[in-house]
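To start, the structure under review is shown below, and the notes come after it.
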Amino acid sequence: MNFKDRDILTTVDLTREEILKIMQVSADMEAIVRKERVSSLMSDKVIAIIFLEPSTRTRLSFETAVYRLGASPIIVSDAKSSSASKGEDLADTARTIAGYVDCIVVRQPAIGGAGVMADAVDVPVINGGDGAGQHPTQALLDLYTIQKEKGTLEGLKVAMVGDLKYGRTVHSLSYALAPFNPEYIYCAPEALRMPEHIVSKMEEKKVPVIQTDKIEEALDADIVYMTRIQRERFDDTAEYEKLKGSYILTRSLVEQGNPDVSILHPLPRVDEIARDVDNLPNAAYFRQAHNGVYLRMALLALVTGAVS
Ligand code: CP
């Protein structure tokens, strides 16, 4: 298994063995950070972090990962400050940046855009979110969090709740966890159901799937993965206004469900998890956000060949 020079664009093709390897290297990275704070594993590497869409967690945890690995980042954190705003296409942007760095991390709004960049260059490209497409590093950090919270990835019942149509995190998570014999409950309003092509793929992979629009049917899961209804994905504001607030996970709902449930959310949250859930031991979403650093350290080290 060799990750050197490999693009990380999607979770669709990752095997069970590859995912377990990434989990193991993430744990190694966590141990390094806890012991040494900063390592010199990648002191000869420069990493481009190109964010043409807003981000707090993905961008800042990649930046932290770069510093903790002893590497140096070059950063675009605003589309207006790059020549993308002058009409430069993604392939030309990638070809240019590839001459400066050892790896490119990119978030941009077009589905498949990270793949366009990867096709144009020889350095590895990591997809930090491509519109309503995929968010593989989020799904992998979700798995790392699940493994830490539950002690296993195997045989879990996972409920995904909210915007499953545009939610790239739940698209990536569905594929990433599929090799570990899960059951899925997809809970969404009719207009935001999981895309049919993903539901069919899960059926092909023999993953049992229940679809519902009632959050009460999600509460006996081992993991409840809440997502935001994403205003920025709607062309029609009236449609967003109709759907926002569809699901609010309250403390009383949590208390009706599986007492051992772990509650995850990729964040940012608007109102889909009530604030008084935050103090419950089941609320894992800020621990989840922090785990992003270790997972992203692992991916950067693997694709640049700093670890194998
Ligand atoms: N979870 C996630 O992708 O958050 P950001 O948009 O803040 O990066």
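Descriptive notes on the structure:
- Total residues in the range 101-117, condition open to solvent by 10 Å² or more (accessible area, probe 1.4 Å), under 16 Å from SER82 (Cα atoms) and not in a loop (DSSP other than H, G, I, E, B): 1
- Looking across the range 173-201, the residues that are closer than 21 Å to GLN147 by Cβ and either of a type in the set (Ser, Thr, Tyr) or assigned to a helix (DSSP H, G or I) (or both) come down to LEU173, SER174, TYR175, ALA176, LEU177, ALA178, PRO179, PHE180, TYR184.
- The one condition in (1) under 27 Å from ALA178 (Cα atoms); (2) of a type in the set (Val, Ile, Thr); (3) buried (at least 19 other Cβ atoms within 10 Å of the Cβ) that VAL12 fails to fulfil: (3)
- Number of residues in the range 138-166 that are more than 10 Å from the chain's Cα centre (by Cα) and on the phi < 0 side of the Ramachandran plot: the value is 20.
- Verdict on TYR240 being surrounded by 15 or more Cβ atoms within 10 Å (Cβ to Cβ), assigned to a helix (DSSP H, G or I) and at pLDDT below 95: yes
- Filter result (open to solvent by 40 Å² or more (accessible area, probe 1.4 Å) and either within 13 Å of the ligand (Cβ to nearest atom) or assigned to a helix (DSSP H, G or I) (or both)) within the range 270-282: VAL270, ARG275, ASP276
- Residue list for the range 202-229, restricted to those being basic (Lys, Arg) and touching a residue at least 60 places away in the same chain (Cβ under 8 Å): ARG228
- Picking from residues in the range 283-308 that are in contact with a strand residue (DSSP E or B) (Cβ under 7 Å, 6 or more places away or on another chain) and in a helix (DSSP H, G or I), the one that is farthest from the ligand (Cβ to nearest atom) is VAL303.
- Residue that is nearest to the ligand (Cβ to nearest atom) [pool: residues in the range 140-172 that are among the basic types (Lys, Arg), assigned to a helix (DSSP H, G or I) and open to solvent by 50 Å² or more (accessible area, probe 1.4 Å)]: LYS148
- Qualifying residues in the range 77-91 (those that are modelled with pLDDT under 95 and within 23 Å of THR169 (Cβ to Cβ)) - the one nearest to the ligand (Cβ to nearest atom): SER77
- Qualifying position, being touching a residue at least 24 places away in the same chain (Cβ under 8 Å) and assigned to a strand (DSSP E or B), among ILE32, ILE22, ILE50: ILE50
- In the range 34-52, the residues that are within 13 Å of the ligand (Cβ to nearest atom) and touching an Asp or Glu at 6+ places or on another chain (Cβ under 7 Å): ILE49
- The range 53-67, subset of a type outside the set (Ser, Thr, Tyr), part of a helix (DSSP H, G or I) and surrounded by fewer than 23 Cβ atoms within 10 Å (Cβ to Cβ), residue nearest to the ligand (Cβ to nearest atom): ARG57
- Check on SER26, under 26 Å from ASN2 (Cβ atoms) and away from the ligand (no atom under 16 Å from the Cβ): yes
The values are calculated or read from the model by the stated rules, or taken from the named source; none is laboratory data. Only a predicted model underlies this, so the values are computations on that prediction, with no experimental measurement involved. We place every Cβ from the backbone using ideal geometry, glycine too, and count neighbours over all the protein chains shown. Remember, those area values only see protein heavy atoms, side chains included, never the ligands or the DNA or RNA. Shrake-Rupley method; radii C 1.70, N 1.55, O 1.52, S 1.80 Å.
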